[in-house]
Structures are given as C-alpha cells and as structure tokens.
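Below is one structure, written out as structure tokens; the observations come after it.
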Amino acid sequence: MLLHQQFVRMAKSQPKKLAIKDKTTGSDVTYGRALIGALILSKKFQKYDSGYIGIMIPTSAGCTLATVGALMSGRVPVMINYSTGAEKNARYAQAKCNFKTIITSKALLEKIGCPVIDGMVLIEDLMKSVTTGDKLKAALRTKLPLQMILNGIHKGEEDDNIAILFTSGSEKDPKAVQLTHRNIASNIKNFGEYVHITGDDVMLANLVFFHIFGLTVNLWVSLYYGMTMITYANPTEFQTISNIARKERPTIMVGTPSFFWGYLQKSDPGDFKSIRLMVAGADKCPDALREGYLKKHGVTLLEGYGATETSPVVSVNSMEFNRPGSIGKLIPGVQVRIENLETGRTCKPMEIGKILVKGDLVMKGYLGDPELTSEAIVDGWYNTGDMGYMDKDDYLWHAGRFKRFVKIGGEMVSLVKVENVMEQFLPEGVSCCVVEIPDEVKGASIVAAVTKDINKVALLRKMGEELPNIALPRQFFVIDELPMMSTGKIDFRSVTELVNDLVENPDAN
C-alpha cells in the first residue's frame with residue numbers, strides 16, 4: 001500500500017470529517033480541505049528538483065500536508081531535525097542525500113535562530129504564491145472520481161522510499177535510514193490490529209515528525225485510519241499538552257517516558273482520562289511513572305519497543321496482554337531472534353542475547369552506506385544493537401544497548417540494570433544516568449550522574465543488596481539537568497563527555 005494514496009482514499013470517503021486540529025495555529029482542517037492543500041503543495045513542489053526534498057517544519061497541519069504533498073509529487077521527504085543544530089543538520093542532510101530544496105518555516109527559523117541557507121524555501125512564501133486559480137483547480141480535482149485523482153498523482157511501488165530519517169546520533173554520526181511504503185504501512189497495519197485502532201480514535205499528535213515514533217504513530221497512523229489528529233508543535237510544553245488533552249479528549253497518545261513525566265507533574269487529576277491507549281517508547285519506562293498515571297488519571301501506561309530501522313514498532317504491551325517491566329509481545333508480522341553474544345546460537349527463554357528483528361518492517365538500508373547496511377542486516381535479520389531476552393510466555397524484555405554493557409573484571413555489566421536499581425532508591429524528583437569511563441586498572445569504571453546531591457553511602461548500601469560489587473558506581477557527579485535529545489532520550493554521549501570533563505576537573509563539580 002502507498003500511504004499518500006491511502007490518504008486520498010480516506011479524504012475522498014469522508015471530506016467533511018476533521019482531519020487535523022492544529023492547536024499551535026488554531027486552525028481546523030477537514031479531510032476535504034487537507035486533500036485540496038496537499039494537491040496544491042504537490043503542484044508547487046514539482047518545480048523543484050526530483051528525488052529528495054527536505055521537510056523542516058514543526059508538528060502541524062502544515063508539516064503533515066507538506067509531507068503528503070511531497071509524496072504526491074513523486075519526491076521523497078527527508079525529515080530534518082530542527083531542535084538542536086538545525087543549520088548543521090540541514091547541511092548534513094543535503095550533503096548525505098545529495099539534494100538542495102528544503103521546505104521550512106520562517107517562523108521556525110526566527111524562533112530557533114537558524115539562518116536561511118541555500119536551497120531553503122519558506123512555506124509562508126509558498127502559500128502566498130497560491131492563487132485563486134490554484135485553489136479552484138485543486139478543489140475541482142477533489143470532485144473527480146477516486147481513481148482519476150489517484151491517476152493524477154505519483155503512483156510508485158511499495159518498495160519505494162516514503163521517507164529518509166536520521167538516527168539520533170547519540171553514539172556516533174547520524175545514519176540516513178531509508179524507509180519504504182511497505183515498511184511503514186505493514187507496521188501500521190500490524191500495530192493497529194494488535195491494539196485495536198479504528199478511524200473513530202482521536203490521536204494526540206505532539207511528537208516531532210523527524211523522529212520515527214512521531215512520523216509513523218502520530219502522522220501516518222492517523223491518516224491511514226482516517227482519524228482526527230490533534231497536533232501541537234512542542235511536546236515539552238507539559239502544561240499546554242495536559243490542557244489540550246483535557247479539552248479535546250483524545251483516545252490515543254504515545255510518547256517518551258521523559259515527556260510522560262512532565263505531563264504527569266503538570267496535569268490535574270483526570271486530564272488524560274479520555275485516553276484508552278497510552279504507550280511509552282524510545283526509553284525504559286519506570287514503575288513509578290506507570291503507577292503515577294494509574295493513580296492520577298486512571299490510565300494504564302503501556303510500554304513498547306522499536307527502532308528507526310524497524311518503522312518503528314517491534315513489540316508492545318496491550319490492554320489484553322500487559323506485563324509491566326517487559327516491552328510487550330511481538331506485534332503480528334514480526335520475528336525476533338535472541339542471539340547468544342559469543343556462540344551465535346539462539347538463546348533459550350530468560351537468556352540475554354542480541355535482539356535481531358525480521359519482517360516487512362525492516363528498513364531498506366542506510367542511504368549511501370552499503371557496508372553499514374550489510375553489517376546491520378544479515379539474511380534479512382536486523383541487528384538492533386540492543387540486548388534482551390524472551391520470557392517463557394513470549395514477552396520481550398529489554399536489557400539495554402549492547403554499547404551500554406561494560407566489561408569489568410571479565411564480567412559483563414548492564415548499565416541499564418544499574419540505573420534501574422539506582423532509581424528505586426533515589427529521592428523523588430532525582431534523575432540519574434550511569435556511564436563508563438576508562439580505568440587504568442580494570443579497563444573501565446562505572447560512574448553515576450545525578451541531578452541533585454544525595455547520600456551516596458546510604459544509596460550504595462541499598463544498591464549493594466541487589467547488585468554485585470563490580471556493578472556499583474565508583475563516583476557520583478551532580479549534573480543539574482541531564483542532556484536530552486529531541487526525542488526525549490537521554491543523550492548518553494553528552495553525559496559521558498560531561499562526566500569525563502568533571503573527572504579531569506573535579507573542582508568544577
């Protein structure tokens with residue numbers, strides 16, 4: 001299935017239904033108007049180079065229609081991260097994917113202090129150039145029979161790219177992930193069937209579309225099922241998001257644990273009571289967060305797992321099958337193999353190994369990096385770089401990134417497990433991140449960054465009851481605010497750099 005064509009089907013079948021309620025701009029867009037807008041933008045985009053086209057617009061009706069319009073014009077959207085280093089990211093994308101045109105917003109550039117670089121086209125200027133004739137032609141096209149509209153836009157194949165997304169770069173330079181219509185459409189269908197999504201659902205869409213979680217589960221899930229999408233551009237405006245949830249009564253919401261913490265703290269009891277499906281992903285979900293939503297809002301916060309390269313959903317807990325602490329059961333159409341790190345054999349239940357994934361959800365590959373692609377995908381199996389295990393009831397459990405395991409005294413220690421244990425004993429409101437630093441004697445040493453000064457002796461005593469001595473942090477550093485990525489994940493590379501600086505300059509802490 002080609003997803004821009006699916007949007008046309010939905011729009012044609014229910015033109016008066018509200019497609020996008022844009023809470024940033026205050027505009028309401030019906031499916032009929034959305035189709036007109038996408039057709040207009042598609043026509044405008046045809047004057048630019050074929051191939052790739054950059055999209056750098058905040059989560060909104062405008063970003064949604066620009067993304068759909070690009071596909072209708074036969075161009076592939078390259079979704080650009082504007083939250084940190086927008087100019088650098090834009091230039092990196094242009095060079096990596098060999099394209100020039102980036103559709104962006106003047107208001108965004110002014111807000112983030114990003115200059116207009118060569119190739120940028122401001123959507124405000126683009127919309128000013130739309131004539132009455134353009135609007136009439138597009139409106140008349142929407143009155144044509146469905147097949148005639150589909151014949152007038154780009155067709156393509158299921159294995160054509162639907163988007164280029166960049167990996168977070170938390171460990172190294174971002175990779176350009178090629179995702180196809182088949183990848184994302186199959187993921188939406190299988191995920192949607194598993195958690196019972198329908199067109200009657202209302203999506204609270206406040207995640208960025210340059211991240212796979214937002215692009216698939218906010219934007220394309222909404223359009224695929226023909227549901228109403230409530231957009232807001234900034235997921236970190238916790239009070240505003242809580243107010244929107246209370247007023248607009250969405251039924252589905254997804255996000256990262258760090259965002260959900262913010263909403264929990266800033267919301268009033270019952271703000272999220274309309275949510276029937278609330279899923280946290282992209283990072284581990286603490287028990288305290290789940291308990292908080294149940295107590296304050298009567299909502300069950302479910303945990304899922306995925307990756308940019310898997311479109312993204314691999315597994316998820318559901319209302320029927322929910323094992324808190326796990327990352328859920330595999331959604332239909334997905335295979336997972338847990339591979340022993342040393343022997344390569346398939347692990348037994350409860351045995352930790354590498355998480356490998358296979359199915360239509362696995363990316364086409366990294367653009368311009370055949371070597372990296374062949375390392376990541378072997379015989380159709382994508383190596384997630386994550387460690388985990390299957391329990392006896394087929395729930396998948398995450399044990400941390402492979403790179404977040406450290407060898408000390410010949411033993412493999414999971415930094416994620418150390419964090420999980422530490423979080424149980426930290427005072428309320430204190431966050432932590434555990435990283436490794438070089439150690440001349442042992443090769444590596446575990447240190448902890450915490451957001452407030454704590455009683456280290458008492459903490460280590462409690463942690464020592466659950467962890468071996470080699471897994472206990474040797475040093476603690478106070479970092480008032482842990483560096484975060486735009487996706488809501490902790491930026492481990494930045495934390496490690498900060499800790500290394502503090503080790504070298506202890507007086508700075």
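Any read-out appearing in this document is the output of simple, stated calculations on the displayed coordinates, not a laboratory observation. Because the structure is a prediction, the values reported are computed rather than measured. Neighbour counts run over all protein chains shown; Cβ positions are idealised from the backbone, glycine included.
See the values below:
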quantity: Cβ-based exposure ranking for 52, 382, in which fewest neighbours within 10 Å come first; calculated: 382, 52
quantity: Distance from segment 358-424 to segment 139-169 (C-alpha centre basis), Å; calculated: 34 Å
quantity: Helical mean residue ellipticity (222 nm; -39500 (n - 2.57) per DSSP H run of 4+; nearest 500) of the chain; calculated: -10000 deg cm²/dmol
quantity: Residue 147-residue 173 FRET efficiency (beta carbon distance; Förster radius 51 Å; 0.05 resolution); calculated: 0.70
quantity: Amide N proximity, segment 314-329 versus residue 196 label position 7 Å along Cα-to-Cβ, cut-off under 11 Å; calculated: 319-321
quantity: Anisotropy class of segment 386-472 from Cα gyration tensor, a/c 1.5 cut; calculated: oblate
quantity: For segment 132-215: rounded, prolate or oblate by the Cα gyration tensor [a/c cutoff 1.5]; calculated: prolate
quantity: Modelled FRET efficiency - R0 41 Å, residue 341 with residue 47, Cβ distances, 0.05 increments; calculated: 0.20
quantity: Label-point gap, in nm, between residue 139 and residue 125 - each point 7 angstrom along Cα→Cβ; calculated: 2.8 nm
quantity: Phi-based couplings in Hz for segment 364-374 (Karplus 6.51, -1.76, 1.60; Gly and Pro marked x); calculated: 5, x, 8, 4, x, 10, x, 5, 5, 5, 5
quantity: Separation of alpha-carbon centers, segment 278-327 and segment 186-244, rounded to whole Å; calculated: 15 Å
quantity: Under-5 Å amide H pairs with residue 413, H placed in peptide plane, nonlocal only; calculated: 406, 407, 408
quantity: Student exercise, the chain dipole from Lys, Arg, Asp, Glu Cβ charges, in Debye to nearest 20; calculated: 2100 debye
quantity: Backbone HN-Hα couplings from phi across segment 266-280 [Karplus 6.51/-1.76/1.60, Hz, Gly and Pro as x]; calculated: 9, 8, 9, x, x, 4, 9, 5, 6, 6, 9, 9, 10, 10, 9
quantity: Segment 369-432, dipole about Cα centre (Lys/Arg Cβ +1, Asp/Glu Cβ -1), debye to the nearest 20; calculated: 280 debye
quantity: Order by protection proxy (mean Cβ within 10 Å, highest first), peptides 311-321, 421-431; calculated: 311-321, 421-431
quantity: Other-chain or far-sequence residues with amide H under 5 Å of residue 301's (modelled H); calculated: 294
quantity: Residues residue 412 and residue 348, FRET efficiency given R0 of 25 Å [Cβ-Cβ distance, rounded to 0.05]; calculated: 0.90
quantity: Cα lying deepest toward the dipole's positive end in segment 409-508, options 467, 484, 505, charges on Cβ; calculated: 467
quantity: Partners for residue 21 among aspartates and glutamates (Cα-Cα distance below 16 Å; same-chain residues under 8 apart left out); calculated: 200, 201, 248
quantity: Residues whose placed amide H lies under 5 Å from that of residue 331, excluding near-sequence neighbours; calculated: 315, 316
quantity: Sequence-distant aspartates and glutamates (8 or more away, or on other chains) whose Cα lies within less than 12 Å of residue 348; calculated: 339, 391, 394
quantity: Of 17/155; 128/364; 44/175, those spanning more than 32 Å from alpha-carbon to alpha-carbon; calculated: 128/364
quantity: Mean Cβ neighbour count within 10 Å, used as a protection proxy, ranking 352-358, 38-44 highest first; calculated: 38-44, 352-358
quantity: Whole-Hz couplings from phi, Karplus 6.51/-1.76/1.60, listed for segment 126-134; x for Gly and Pro; calculated: 4, 5, 5, 7, 6, 8, 4, x, 4
quantity: By average C-beta atoms within 10 angstrom, highest first, the peptides 212-223, 261-272; calculated: 212-223, 261-272
quantity: Prolate/oblate/rounded label for segment 1-180 (Cα gyration tensor, a/c 1.5); calculated: prolate
quantity: Full-stretch length increase - residue 466, residue 100 - with 0.36 nm per residue and alpha-carbon distance subtracted; calculated: 126.3 nm
